[in-house]
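Okay, structure first, notes after.
What follows is calculated from the coordinates using simple rules that are stated; it is not laboratory data. Given the structure is predicted, the values throughout are model-derived calculations rather than measurements. Positions of Cβ are backbone-derived with ideal geometry, glycine not excepted, and every protein chain shown enters the neighbour counts.
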Amino acid sequence: MRIGVYPGSFDPTTYGHTDIIERASKLVDTLYVSVLHNPDKVPHLTIEKRVELLKELTKDISNVIIEPFTGLLVDYVEKKNADMIIRSFRAISDFEYELQLAHTNHKLNSRVETIFLVSRNEYAYISSSMVKQIHKFGGDITMMVPKQTLDVLNQEQH
Ligand code: COA
């Protein structure tokens, strides 16, 4: 049994994220999509909403489990008995941060491997904060996020 963890803030989930989830789910038997609950940060969407949205978006992928997590990622990975952390690169600008994350996690727990998937070209420009900013000012984000994400962002605005 191969178990993977795809961690992130998912604030909110974009097509970039759903693409990685779909592709990563084919590489493992079970994929945990693990939503960071960071008590030191105020997210745009609550942890409950981010988890609920991801559950809705992945309901047709049978081996995906959506969960919130808090604390150290390596501790969570250990608890899940996972073999690998899955992260993605959109551009070379992601590289330094991801490298640091992977090295840090490896220092904290040498058993854990980090696997990278390269973002598809058509999603490589998307980021959650840009999505939030464009939506806030009334711009069109339909090419960046699934309809369910747009619905949740619209509800937040009212
Ligand atoms: N497509 C679209 N967007 C993508 C993407 C993709 N394939 N891959 C990353 N992104 C974007 C996200 O939308 C987000 O955009 P934003 O900065 O505009 O909001 C950005 O990349 C990074 O977000 P995310 O992937 O969610 O990572 P993060 O930096 O918020 O969180 C964790 C990374 C959760 C893995 C890390 O913070 C963590 O492990 N925390 C737990 C504490 C811990 O263990 N610390 C020690 C290790 S450093």
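For the chain, the normalised intensity computed at q = 0.13, 0.18 Å⁻¹ comes to -0.60, -1.17 (log10 of I(q)/I(0), Debye sum over alpha carbons, equal scatterers, no solvent).
Taking a temperature of 37 °C and a viscosity of 0.692 mPa s, what whole-number D in µm²/s does Stokes-Einstein yield for the stretch 88-158 with Rh from Kirkwood over alpha carbon pairs? The calculation lands on 228 µm²/s.
Available extension along the chain between residue 49 and residue 115 is 21.0 nm, counting 0.36 nm per residue and deducting the alpha carbon span. Within the stretch 1-43, the trypsin sites (Lys or Arg not before Pro) that combine a DSSP coil assignment with at most 10 other C-beta atoms in a 10 angstrom radius are 26, 41. Pop the C-beta distance of residue 107 and residue 79 into the FRET formula with R0 = 22 Å and round what comes out to the nearest 0.05. With R0 = 22 Å, the Cβ-Cβ based efficiency is 0.70. If the chain linking residue 100 and residue 122 were pulled fully straight, counting 0.36 nm for each residue of separation and taking away their Cα-Cα distance, it would gain 5.3 nm. A DSSP coil position with no more than 16 other Cβ atoms inside 10 Å describes the following trypsin sites (Lys or Arg not before Pro) in the stretch 47-76: 59.
For the chain, modelled as a Gaussian network with Cα springs under 10 Å, which listed residue fluctuates most, 115, 141, 92? Top of the fluctuation ranking is 92.
What's the center-to-center distance, using Cα atoms, between the stretch 1-56 and the stretch 104-140 in Å? The two parts, judged by their Cα centres, are 11 Å apart. When the pairs 49/132; 49/107; 26/132; 41/132 are compared against a 21 Å limit on Cα-Cα distance, 49/107; 26/132 fall above it.
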